[in-house]
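Everything on this sheet refers to the single structure shown next.
Read-outs: derived from the displayed coordinates by stated rules, not from any lab. Predicted, not measured: the structure shown is a model, and the values here were computed from it. Reconstructed Cβ throughout: ideal geometry from the backbone, glycine too, with neighbour counts over all protein chains shown.
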């Protein structure tokens, strides 16, 4: 009887054989299905034209591939890159799969599919396929939706399951198509054209579950992109996972993260719709109550206005107004008489006080007081004016220009310059001078000069004489030049 292995026994035997025969290998391929969980490890698939190999690059060995002054190479790893990995083949028993445990990774540039994708993307962008201005708005709560996907795919089941909880019911028309393989682009384009020809759906949904770059390649074809671009019906896509972006996603009018998110963009949640209906019902009832209350208030106001405008009400208002005016007139007349009676009494008392016997005695005393004040102020005025006259008279005497001459001084003027003689240096021998004395002038000629030191007392006396002469000469209005010095008669 052949030996019956338990699962773990067979798995461990395979693990020992694989790890023994492949302790360290170098593998070249293209990165696909790249995943970076929160643990820091990197999971991806190495693929070529014929096969694929699962690979894991643990966080603790990622630094081995780092070059000097370079960031962590795991951060720059992208889908579609060609890489060369070095590591060992290991078996993961819980899943029964084998994988490459990467210890060293070197980038070899982008892969062929990735380059094709970027080239087509750039070309269609230049033709305006991705222009936001041409994209159509997705209708809200559509009644009919066309779905283009694989009939047996999980994406359709997820879409239908979520749609049951959304909206208030809609007709869903399925246009079956392959979503993977060589004939998938043609079938997708045919399904889009068929839906546009039927024109039964308000919006078209193109969706597919997640997969590698090769699995989603049908949605990166120019044929599908042109079918989406030429559709007159708005198109929403839900292809792969949130990180997967295809040419169809970029061309469509709206892109959902996953197929399950598409219903959330088409319809609101049914519970939320019921809540909104309840809220609208409450708002409608409140608005109706406010309308009724406003009509009631209007009727009450109109009734009051009509009663106010009735002839009987107008006569009653006129009578009330006349009675009110009559009361006001009587009250004002009574107040007027009372005020003027009090005013007459007050004026009578004032006249008695002003024109009584004491009034004239007080006035006579006041007139005598004013006479005394006038006489006193007149005497003070004349005494002040007389004192000012005497003072001015003394000042005039002091300013008499001939007073110094009467005391024996004389005034000397140089003929050629018409200046007063101040110093012996002001004249030269032969200069003509004019000497003013008390009773006239004397013409003379200079024969010589001499300088004498008269001492401090003589200088002080001459300085005082000169200052006095200046003050006297300042009042002489007959001379054109103010005298600046008086010369004593040395004879």
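Of note:
- The chain pair-distance distribution - Cα-Cα, 10 Å bins, rounded %: 3, 10, 11, 8, 7, 5, 3, 3, 3, 4, 4, 8, 13, 11, 5, 1, 0, 0, 0
- For the chain: relative contact order, % (alpha-carbon pairs under 8 angstrom, 6 or more apart): 8 percent
- 14, 239 arranged by Cβ crowding within 10 Å, fewest neighbours leading: 14, 239
- D_trans [Stokes-Einstein, Kirkwood Rh over alpha-carbon pairs] for the stretch 134-290, 37 °C, 0.692 mPa s, µm² s⁻¹: 203 µm²/s
- Peptides ranked, highest mean first, by Cβ atoms within 10 Å: ranges 78-85, 203-210, 271-278, 369-376: 203-210, 78-85, 271-278, 369-376
- Translational diffusion of the stretch 7-110, estimated by Stokes-Einstein from the Kirkwood radius over alpha carbon pairs at 37 °C in a medium of 0.692 mPa s, is 229 µm² per second.
- Reduced Cα scattering model of the stretch 355-452, Debye log10 I(q)/I(0), q = 0.16 Å⁻¹: -0.84
- Cβ-based exposure ranking for 377, 190, in which fewest neighbours within 10 Å come first: 377, 190
- Normalising the average separation of contacting C-alpha pairs (under 8 angstrom, six or more residues apart) by the number of residues puts the relative contact order of the stretch 141-268 at 29 percent.
- Principal-axis tilt of helix 311-354 within the chain, Cα atoms, nearest 10 degrees: 30 degrees
- Whole-number percent relative contact order across the stretch 7-110, with pairs defined as alpha carbons under 8 Å at least 6 apart: 31 percent
- Förster-model FRET efficiency, 22 Å R0, residue 222 and residue 136, C-beta, rounded to 0.05: 0.60
- Helix 112-126 axis, angle to the chain major axis (alpha carbon atoms, nearest 10°): 50 degrees
- Residue-span extension gain [residue 282 to residue 151] - 0.36 nm each, minus C-alpha spacing: 42.8 nm
- Förster-model FRET efficiency, 56 Å R0, residue 60 and residue 183, C-beta, rounded to 0.05: 0.80
- For the pair residue 372 and residue 275 in one chain, pulling the backbone fully straight at 0.36 nm per residue adds 24.0 nm over the alpha carbon distance.
- Judged by the mean number of other Cβ atoms found within 10 Å, the most tightly packed of the peptides 18-25, 261-268, 430-437 leads the ranking 261-268, 430-437, 18-25.
- Between the stretch 141-183 and the stretch 379-407, the alpha-carbon center distance in angstrom: 133 Å
- Proportion of all alpha-carbon pairs of the stretch 292-333 beyond 15 Å (%): 60 percent
- The chain, helix-only ellipticity at 222 nm - DSSP H runs n ≥ 4, -39,500 (n - 2.57), divided by all residues, nearest 500: -15500 deg cm²/dmol
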